[in-house]
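The structure appears below as structure tokens.
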Amino acid sequence: MTTTAELTDLMAELNSLGESFWAGEAEIAREFLMAAHDPKDHVHWLLHQCYRELRGPGLLDRPSSRTRWVVDNIAAGLPAAETAEGRTQLKYQLHQIAEEFDHFKLYADILGGPVKMEDMRGLSLPSDKVIEALRVKLYAENERLARLAYDFTEGGGAGIFYAQGALETNDPLLLRIKDAGRYIYDDEVPHGQHGVSGIELNLTTAEDFQKIRAMIVEIGRERLRMRAEMHDTTMSEARIDEITAGKIEPLKPFAD
Amino acid sequence: MDAQRKSELSASLNEMGRRFWAGEAEICRQFWGQPRSSEEQAHWLRLQVYKEMYGSGLVGNPGGLIRAFLEELHDQVGNAETKEQRSDFERSLRVLREEYNHFKLFADVLETATGQPVSNESLKGWQLDEDKKLQAIRQRIREQEGAFGELAIMFTEGGGSAFFLVGRDIKGDPVSDEIAQACETVYTDELEHGEHGALDLEHELDSEEEWAKARELITEICQQRLRMRYGMFALPINEARIAEITEGKIEPLPVA
């Protein structure tokens, strides 16, 4: 039997692991944003982030998404409206959908001009496919733990938004990116806390902690590759190993 | 028609509206002026829940505002490609979430009052006769007067929030406290919508005849709104008082 003190230590270890990966994602975004670029160089990552903000909640078709849940609920005659729990769930899903759309809109407005949905549908990166395959594999291994692991890693601790929000710049385009990043970071931070509480509330054995740790490492490493590809770069396997080993400064909370 | 005359007619119409809203507040105070049992509260709560789900004051969709928005949610996002379209979709989502939350608030209170779940099947039968007549009047105006009729309907929508204004002050038992909280939320939301109905009329109406017609349509709707309020609270309809209110024998509801 794992004691409460041991569980607290294991949770701290997971949080520390998460913080390293979030800082790794921020490092990729920061290095890209601080290098000299033409405005057109930002189109690639902006479009991919738009794609993610829409696909995440299922506003671009995705099975098992929030939007799919709402659509299916309507098709079934809106059973969610019949109980207090269902009504709260529907309110929560609508809130999340609106928040993700809001984030999409922030980046799409920076891109300027129409952002065609048809074009967005084909934006999946090779690394996205790897992440999707990993999701299928981990869910097949242990659905309960995989769900907790994905909740924990969702949004990558808002690392790229942190990097955007922390920019020190007078460039008009980067200032818009900074404002969008800071806004989204403030929205996303509570989601990360939700993922942490999910693990705290549901894991009671050291064995489960070790399994979920392994899942978080796999997901975190693939997310770093995906963030790098999104920013038209690569991250060396050596650097990914270092980040996994905690050889990176964790992100400092914003002062205000 | 010159701007000054338009402004005079608009001010006069606004004052007429505020007298009808004061009439609605008067009926609410007549009901809530004494302690009410949970069953007496449940009578009007059932209609309120029905109206929040099915009430089609703003849209002609027989499924009501919430369903109309929910059903279109997924399709609408496919058109959110330009800055304006994205802003439209964002606005639609905001209205949907607000309206849905109003439904949720009153459905939750109804459950507290009755101890029974709010079944979708029962909900369909909760519309009262005077509300059906109000709906029929709106529908007839919509069909006969087109966009002009929509403007008149928009002007009367919500009855100046008089119902919520009075409801937010009731207290004395857990159900009343929950009603007051729900009314406070809805009142605050509705305040933000303001008196845009009159502004829309000012933009669209261009002759004395059009203003007189609008006044006539609005009077018809507002009179039926008063009957609906009487019916909602199971109070006898006082036609003499409705006539007095129509003649202006009541202090207008102050501008919030």
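The values are calculated or read from the model by the stated rules, or taken from the named source; none is laboratory data. What you see is a predicted model; the values in this text were computed from it and never measured. Ideal geometry is used to build each Cβ from the backbone, glycine not excepted, and the neighbour counts take in all protein chains shown. Each accessible area value is taken on the protein alone, full model and side chains, heavy atoms only, with ligands, DNA and RNA left out. Shrake-Rupley method; radii C 1.70, N 1.55, O 1.52, S 1.80 Å.
Annotations
- Residues located in segment A:221-256, provided they are in a helix (DSSP H, G or I), within 19 Å of the chain's Cα centre (by Cα) and within 25 Å of A:HIS42 (Cβ to Cβ): A:GLU222, A:ARG223, A:LEU224, A:ARG225, A:MET226, A:ARG227, A:ALA228, A:GLU229, A:MET230, A:ILE240, A:ILE243
- On the stretch given as segment A:39-72, residues that are open to solvent by 20 Å² or more (accessible area, probe 1.4 Å) and touching a Pro at 6+ places or on another chain (Cβ under 8 Å) total 1.
- Just one residue in the set B:ILE141, B:ILE137 is in contact (Cβ under 8 Å) with a residue 60 or more places away in the chain, under 19 Å from the mean Cα position of the chain (by Cα) and open to solvent by less than 20 Å² (accessible area, probe 1.4 Å); that residue is B:ILE141.
- Which listed residue, of B:GLU204, B:GLU244, is surrounded by fewer than 21 Cβ atoms within 10 Å (Cβ to Cβ) and modelled with pLDDT under 95: B:GLU204
- Selected residue (criterion: nearest to the chain's Cα centre (by Cα)) from residues of segment A:1-32 that are crowded, with 17+ Cβ neighbours inside 10 Å and of a type in the set (Asp, Glu): A:GLU25
- A:VAL189 falls short of the stated requirement of being touching a residue at least 60 places away in the same chain (Cβ under 8 Å), of a type in the set (A, V, I, L, M, F, W, C) and surrounded by 14 or more Cβ atoms within 10 Å (Cβ to Cβ).
- Being at the interface with chain B (Cβ under 8 Å from one of its Cβ atoms), at pLDDT 95 or above and open to solvent by 20 Å² or more (accessible area, probe 1.4 Å) is a condition met by no residue of segment A:114-122.
Okay, residues lined up against (1) more than 11 Å from chain A (Cβ to nearest Cβ); (2) over 29 Å from A:HIS103 (Cβ atoms):
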| site | (1), (2) |
| --- | --- |
| B:LEU45 | yes, yes |
| B:TYR54 | yes, yes |
| B:HIS74 | no, no |
| B:GLY78 | no, no |
| B:LYS83 | no, no |
| B:PHE89 | no, no |
| B:PHE106 | no, yes |
| B:LEU110 | no, yes |
| B:SER122 | no, yes |
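- Sub-9 Å Cβ pairs linking a first residue in segment B:102-127 that is more than 20 Å from B:SER176 (Cβ to Cβ) to a second residue that is in a loop (DSSP other than H, G, I, E, B), at least 6 apart or interchain, are B:PRO117/A:THR83; B:ASN120/A:GLY77; B:ASN120/A:LEU78; B:GLU121/A:GLY77; B:SER122/B:GLN116; B:GLN127/B:GLY55, ordered by first then second residue.
- Yes/no for A:GLU100 being touching a Pro at 6+ places or on another chain (Cβ under 8 Å) and more than 7 Å from every other protein chain (Cβ to nearest Cβ): yes
- In segment A:178-227, the residues that are of a type in the set (Gly, Ala, Ser) and at pLDDT below 90: A:GLY192, A:GLY195, A:SER197, A:GLY198
- Filtered by the rule that a residue be facing chain A (nearest Cβ under 8 Å), closer than 16 Å to A:ALA98 by Cα and open to solvent by 10 Å² or more (accessible area, probe 1.4 Å), segment B:91-104 gives B:ARG94, B:ARG97, B:ASN101.
- Elements of type helices (runs of 4 or more DSSP H) in segment B:178-256, at least 1 residues being out of contact with any Lys or Arg (no Cβ under 7 Å at 6 or more places or on another chain) and among the aromatic types (Phe, Trp, Tyr): B:208-232
- Annotation: of all residues in segment A:54-83 being part of a helix (DSSP H, G or I) and of a type in the set (Lys, Arg), the one that is farthest from the chain's Cα centre (by Cα) is A:ARG68.
- A:TYR107 vs. criteria open to solvent by less than 20 Å² (accessible area, probe 1.4 Å) and either more than 9 Å from every other protein chain (Cβ to nearest Cβ) or not aromatic (Phe, Trp, Tyr) (or both): yes
- Residues in segment B:70-86 that are closer than 18 Å to A:LEU47 by Cα, in contact with a Lys or Arg (Cβ under 9 Å, 6 or more places away or on another chain) and not aliphatic (A, V, I, L, M) were compared, and the one that is least open to solvent (accessible area, probe 1.4 Å) is B:ARG86.
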